[in-house]
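As structure tokens, the structure follows; a few thoughts come after it.
Derivation of every value follows stated rules applied to the coordinates shown; laboratory data play no part. Just so we're clear, the structure is a prediction, and the values are computed from it rather than from any experiment. Heads up, the Cβs are rebuilt from the backbone with ideal geometry, glycines too, and the neighbour counts pull from every protein chain shown.
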């Protein structure tokens, strides 16, 4: 997440806070631009079609990787640990270990296994339809 650099210093980030698209575009930060536009489109689609949407943060899950190479989040962390001079100005990294995010009891959908409570549709099942 790249918060709005104009956001009041002591104001809590909540559902009204969005990534500042113009700020990101001016710095060629295209990944947060694409993520923000995609989420806004999902909310708009859901509203028009009477669907519910859940956006889950943290946006970054760290832990054992499934692929052989680093993903973007881990690469940023690695660069910072190796002395990168990128200030990461106005970046916020909400991170949790992947095992914690999978097992968190407050979310009824187990995102990685696809198991749901009765009456809920798993993302993996929705993708089949």
Extended-chain gain in nm, criterion 0.36 nm per residue less alpha-carbon gap, residue 79 and residue 49: 6.6 nm
Label point distance in nm, residue 65-residue 7, each placed 7 Å from Cα along Cα→Cβ: 2.8 nm
